[in-house]
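Asks: Pasting a structure below so you can have a look.
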Amino acid sequence: KNTCTCSECSRINKEEGSSFGTLARFLNKMASALQAKHRQVKIVTLSYLDLAVAPKLTHLDNNVIVRITTDTTTWYHPFNKIRFNSTFKRRVEDWKVMCNNLWVYDYTCDFNDYLYLRPNIDVVADNIRYYKELGFKGVTLESFYENKGVEESELRAFVFSQLVKNPYL
């Protein structure tokens with residue numbers, strides 16, 4: 001685990017039922033302090049790995065954005081549509097209760113086999129449609145950005161950008 005394990009943080013996280021508990025409370029304090037002078041500022045954080053589970057008690061302020069990552073959900077299964085992953089759906093539903101501003105951070109590649117071809121545009125397209133159905137307010141797609149040798153990265157970026165604008169293309 002990468003979260004603090006001091007007695008106070010451990011107590012809060014146990015109370016919240018999540019390692020995100022202490023972070024949620026800190027983000028709300030920071031959001032509240034920023035609101036006085038900078039109402040337009042948003043704070044962005046990740047629901048990622050050991051911070052994947054939503055807190056049970058602390059609702060995040062409206063100027064906090066949580067990007068739910070697909071991390072281990074899609075890392076090893078880049079050809080499976082995420083709509084069939086019940087763990088991801090349950091995770092999103094739990095976060096919807098605690099945060100009004102949810103984005104998704106999707107990995108459209110497999111980091112273990114980064115140089116392999118990934119003809120999974122149909123899967124990514126379905127995932128984007130599903131994210132819209134779930135009510136996400138935004139999406140970040142991480143793909144093969146620095147490798148010119150993997151199935152036309154510029155074309156993938158163009159197709160993905162068009163799908164984000166209109167998921168039903």
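The values are calculated or read from the model by the stated rules, or taken from the named source; none is laboratory data. Since the structure is predicted, the reported quantities are computational estimates derived from the model, not experimental observations. Neighbour counts are summed over all protein chains in view; Cβ atoms, including those assigned to glycine, are modelled from backbone coordinates with ideal geometry. Surface accessibility is based on the protein's heavy atoms, side chains included, excluding ligands, DNA and RNA. Shrake-Rupley method; radii C 1.70, N 1.55, O 1.52, S 1.80 Å.
Asks: Kindly list the number of the only condition in (1) within 27 Å of Tyr131 (Cβ to Cβ); (2) at pLDDT 95 or above; (3) open to solvent by less than 40 Å² (accessible area, probe 1.4 Å) that fails for Val44.
Replies: Every listed condition holds for Val44 apart from (3).
Asks: May I pose another question? For the stretch 1-18, what are the residues that are within 19 Å of the chain's Cα centre (by Cα) and at pLDDT 95 or above?
Replies: Ser18 - this is the single residue of the stretch 1-18 that is within 19 Å of the chain's Cα centre (by Cα) and at pLDDT 95 or above.
Asks: From Asn63, Asn80, Asn100, Asn28, which residue is in contact with a Lys or Arg (Cβ under 6 Å, 6 or more places away or on another chain) and either closer than 15 Å to Tyr130 by Cβ or not aromatic (Phe, Trp, Tyr) (or both)?
Replies: Asn63 is the lone residue from the list that is in contact with a Lys or Arg (Cβ under 6 Å, 6 or more places away or on another chain) and either closer than 15 Å to Tyr130 by Cβ or not aromatic (Phe, Trp, Tyr) (or both).
Asks: Residues that are open to solvent by less than 60 Å² (accessible area, probe 1.4 Å), modelled with pLDDT of 75 or more and of a type in the set (D, E, K, R): does the stretch 108-125 have at least one?
Replies: Looking for residues that are open to solvent by less than 60 Å² (accessible area, probe 1.4 Å), modelled with pLDDT of 75 or more and of a type in the set (D, E, K, R), one finds none in the stretch 108-125, hence no.
Asks: Collect the residues in the stretch 20-41 that are at pLDDT below 95 and not in a helix (DSSP H, G or I), keeping them in residue-number order.
Replies: Scanning the stretch 20-41 gives Ala36, Lys37, His38, Arg39, Gln40, Val41.
Asks: Suppose we filter the stretch 126-149 for residues that are at pLDDT below 80, open to solvent by less than 40 Å² (accessible area, probe 1.4 Å) and within 22 Å of Thr72 (Cβ to Cβ); how many remain?
Replies: Matching residues across the stretch 126-149 total 2.
Asks: Which of the residues that make up the stretch 55-70 are open to solvent by less than 20 Å² (accessible area, probe 1.4 Å) and touching a strand residue (DSSP E or B) at 6+ places or on another chain (Cβ under 7 Å)?
Replies: Leu60, Asn63, Val64, Val66, Ile68, Thr69, Thr70 - these are the residues of the stretch 55-70 that are open to solvent by less than 20 Å² (accessible area, probe 1.4 Å) and touching a strand residue (DSSP E or B) at 6+ places or on another chain (Cβ under 7 Å).
To keep it simple, each residue is scored yes or no on (1) closer than 25 Å to Lys89 by Cβ; (2) β-branched (Val, Ile, Thr).
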position	(1), (2)
Thr22	no, yes
Asn28	no, no
His38	no, no
Val41	no, yes
Thr45	yes, yes
Val53	yes, yes
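Asks: Only residues in the stretch 8-36 that are surrounded by 21 or more Cβ atoms within 10 Å (Cβ to Cβ) and hydrophobic (A, V, I, L, M, F, W, C) count as the first member; pair them with residues that are assigned to a helix (DSSP H, G or I) and at pLDDT below 95, Cβ under 6 angstrom, at least 6 apart or cross-chain, and list the lot.
Replies: Within 6 Å, the pairs are Phe20/Leu51.
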